[in-house]
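The values are calculated or read from the model by the stated rules, or taken from the named source; none is laboratory data. All of these numbers come straight from a predicted model, not from anything done at the bench. Cβ: placed from backbone, ideal geometry, glycine included. Neighbour counts: every protein chain shown.
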Amino acid sequence: MPTNRLLNFINRHTVFILSGLVSLSLGTLYLSIAATRLTSANFGGDAGDFLAAILTRGIPHPTGYPTYILLGILFQSIPFNTPVFRGVLESLIPAALAAGLLTGWVGFVTGSKSVPNLCAAVLTGIAWGVAPLLFSQAVIVEVHGLQSLIVVLILWWITLNLQADPGPYKKWILGLSILIGFGCGNHLTIALFAPAAFITLIYSVHHNGSWKFVLAQLSLLIAGLLVYLYLPLQAQTYPPINWGNPQTWSGFLWEVTGNPYRGLLFGVQNPVFWERIGSVSNLLLDQFGALGLVADAIGAIQYSFPIKWMRWILVWIFVVYTAFAIGYNTLDSAGYLIPTIMVFAIWIGLSLPSLW
């Protein structure tokens, strides 16, 4: 490729090249300290259950996590290293990809390839990728590394749907629709995006008048949800790990609705509730420090999104996942703050063009 053509290619695809470099850099960093044996550190107490279910083609504790298990089986086909390391790769690779895709998202949203916007994109991806909470989940056997990727894919889906003219992105939107449906089989907290998704689809119909396109997205989303058929089908083989034996309708509902854990939702008593608010506040401060809090406030308040509803969608993600993590009565509920940390990182990155 002649020099001028190469330069033109780089100029057109700068954001995507930077996204790839962010993913590659973070993946290398994660790999350097990835766990080599099962550990309960970093809220990884479910690692044994997940890995055992993957290795036996079984069904872990509710909600079954069929997407995580099926991808885990795929990762176990990698012909090197130990089962534990291959299990860690299922966290490591999605988390690194998520940070790179978030870099690209900021570049897309800010719209131009000016220096402050490109710096904002890179800063956002790296800030999220090295935030202690996401970092801790990227190097162990757990579902939250994969969840981080699904969260960013939903953010992209919302953003493309909210474009003034989504026509050029229709194929991407449809592809993301089925991936999001498939992703719903990883962790049901993805349902907290439902109000934002509903607003997005209503806006899309009202602005573009295309019910057919919305119905196509919903059809693909439902097609992705068929991943839950893994549970009843695999239960019929009676694997060693078979929580709820979901081959019956009652067993299936018990499993996918998280029946044993329903009482934990907003089951925090009043004194502990206030302690948890303080703990979450300290955890957010630990992610980026005092300077990060200042930058976060600047980006959240000052940056004006060119995309309708985007500011309030980010606020919704921040508030609802923070509230869920505070109200869910388990010791490892901090893992549910990963989308909150993502929004935090976005606001920090967007402080750069605001200050510029």
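Could you go through the range 52-75 and let me know if any residue there is among the aliphatic types (A, V, I, L, M) and modelled with pLDDT under 95. Checked the range 52-75: no residue is among the aliphatic types (A, V, I, L, M) and modelled with pLDDT under 95. Here residue 247 meets each of (1) over 17 Å from residue 67 (Cβ atoms); (2) in contact (Cβ under 8 Å) with a residue 40 or more places away in the chain; (3) touching a helix residue (DSSP H, G or I) at 6+ places or on another chain (Cβ under 6 Å); (4) not hydrophobic (A, V, I, L, M, F, W, C) with one exception, condition (2). When the range 49-88 is filtered for residues that are without any contact (Cβ under 8 Å) to a residue 40 or more places away in the chain, crowded, with 16+ Cβ neighbours inside 10 Å and touching a Ser or Thr at 6+ places or on another chain (Cβ under 9 Å), only 86 remains. Filtered by the rule that a residue be farther than 17 Å from residue 105 by Cβ, in contact (Cβ under 8 Å) with a residue 12 or more places away in the chain and not aromatic (Phe, Trp, Tyr), the range 297-322 gives 297, 298, 302, 320, 322. On the stretch given as the range 34-55, residues that are touching a Phe, Trp or Tyr at 6+ places or on another chain (Cβ under 9 Å) and assigned to a helix (DSSP H, G or I) total 4. With respect to (1) within 28 Å of residue 328 (Cβ to Cβ); (2) surrounded by 18 or more Cβ atoms within 10 Å (Cβ to Cβ); (3) among the aliphatic types (A, V, I, L, M), the lone exception for residue 253 is condition (2).
Condition check ((1) at pLDDT 90 or above; (2) within 19 Å of residue 256 (Cα to Cα)) across all residues:
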{"residue": "29", "(1), (2)": "yes, no"}
{"residue": "33", "(1), (2)": "yes, no"}
{"residue": "39", "(1), (2)": "no, no"}
{"residue": "42", "(1), (2)": "no, no"}
{"residue": "45", "(1), (2)": "no, no"}
{"residue": "49", "(1), (2)": "yes, yes"}
{"residue": "77", "(1), (2)": "yes, no"}
{"residue": "80", "(1), (2)": "no, no"}
{"residue": "84", "(1), (2)": "yes, no"}
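Applying a threshold of 8 Å to beta carbon distances and a minimum spacing of six or more residues, or different chains, the list of pairs starting in the range 194-208 at a residue that is without any contact (Cβ under 8 Å) to a residue 12 or more places away in the chain and ending at one that is in a helix (DSSP H, G or I) reads 205/211; 205/214.
Conditions tested, residue by residue: (1) surrounded by fewer than 16 Cβ atoms within 10 Å (Cβ to Cβ); (2) closer than 21 Å to residue 136 by Cα.
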residue: 290; (1), (2): yes, yes
residue: 296; (1), (2): no, no
residue: 319; (1), (2): yes, no
residue: 322; (1), (2): no, yes
residue: 331; (1), (2): yes, yes
residue: 335; (1), (2): no, yes
residue: 343; (1), (2): no, yes
residue: 347; (1), (2): no, no
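I'd like to check something: does the range 172-184 contain any residue that is part of a helix (DSSP H, G or I), farther than 21 Å from residue 214 by Cβ and without any contact (Cβ under 8 Å) to a residue 24 or more places away in the chain? Checking the range 172-184: not a single residue is part of a helix (DSSP H, G or I), farther than 21 Å from residue 214 by Cβ and without any contact (Cβ under 8 Å) to a residue 24 or more places away in the chain. Taking the range 138-151 as the range and being more than 21 Å from residue 296 (Cβ to Cβ) and of a type outside the set (A, V, I, L, M) as the test, the residues that pass are 142, 144, 145, 147.
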